[in-house]
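Structure, as structure tokens:
Where a number appears in this text, it was derived from the coordinates with a stated rule and is not lab data. Just so it is clear, the model here is predicted, and its values are computed rather than measured. Virtual Cβ from ideal backbone geometry, glycine too; neighbours counted across all protein chains shown.
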Amino acid sequence: MFPSREDHLIFCRPCDYLVIDGDTFAIMSYFDERGEFMPARRDAGGQPLAHFRVRLPNVDTAELRMTTIYDAEKRALGIDPDAGSVGDVVKKEVQSMVRDRALFIHPQQGWDGTVRDRYDRVLAHVVISGSKGNQFNPIGSRSLEIELLERNLAIVMEGREYPPHTSPVIDQILRDNDEREMLESISSGPAL
């Protein structure tokens with residue numbers, strides 16, 4: 001089952017993931033570290049199934065409201081029982097932050113040495129593309145954990161480190177891009 005190591009980097013287009021709550025995503029399809037596309041799996045009825053879930057490793061957000069025996073009756077009346085809960089507000093904010101943007105998901109080792117938590121979710125930093133679309137733009141990209149903390153939608157979990165502003169992989173992409181631009185400007189020479 002993918003991913004199993006910290007060095008796996010996952011790329012997801014906007015159509016490849018779903019926001020479950022403020023700190024959890026379902027990955028429906030993705031591109032693995034070799035660039036191979038892993039399409040969505042389907043159940044017997046043709047509905048897509050998640051390959052795995054991703055959990056932000058260092059922050060915690062408000063949970064969605066617990067289901068009650070009256071929820072089905074409320075939904076039948078056209079009332080969303082979750083609307084307005086703090087967890088629902090955070091989920092909608094995250095959906096807004098990632099809407100129409102590609103993501104890089106960088107698995108992180110947990111306290112027990114694995115990249116999975118007790119619920120079998122992949123612990124990973126999520127980096128949001130700097131622009132909308134199916135391609136990842138590292139310029140202007142940002143860490144979802146940092147965004148949540150800066151907007152006061154999350155707290156750093158007890159015993160965890162403050163999350164990095166971006167992934168080391170994204171930092172390397174930006175350095176390579178800066179070096180390429182510098183070489184191009186030098187090779188083109190001064191404008192006359």
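Please list, in order, the residues from segment 15-29 whose amide nitrogen is less than 20 Å from a point placed 7 Å along the Cα→Cβ vector of Arg160.
18-27
Mind putting a number on the dipole of segment 10-188 about its Cα centre? Charges go on the C-beta only, +1 for Lys and Arg and -1 for Asp and Glu, and I need it in Debye to the nearest 20. Spell out each step's value before the answer.
Working: 22 positive and 30 negative charges, 99 e Å.
In debye, rounded to 20, segment 10-188 gives about 480.
With unit charges on the beta carbon (Lys/Arg positive, Asp/Glu negative), name the residue among Pro163, His125, Pro14 whose Cα is farthest towards the positive pole of the charge dipole of segment 10-188.
In segment 10-188, that residue is Pro14.
Once the dipole of segment 10-188 is set up with Lys and Arg at +1 and Asp and Glu at -1 on Cβ about the Cα centre, which of Ala26, Ile139, Pro48 lies farthest towards its positive end?
Checking the options against the dipole of segment 10-188, the answer is Pro48.
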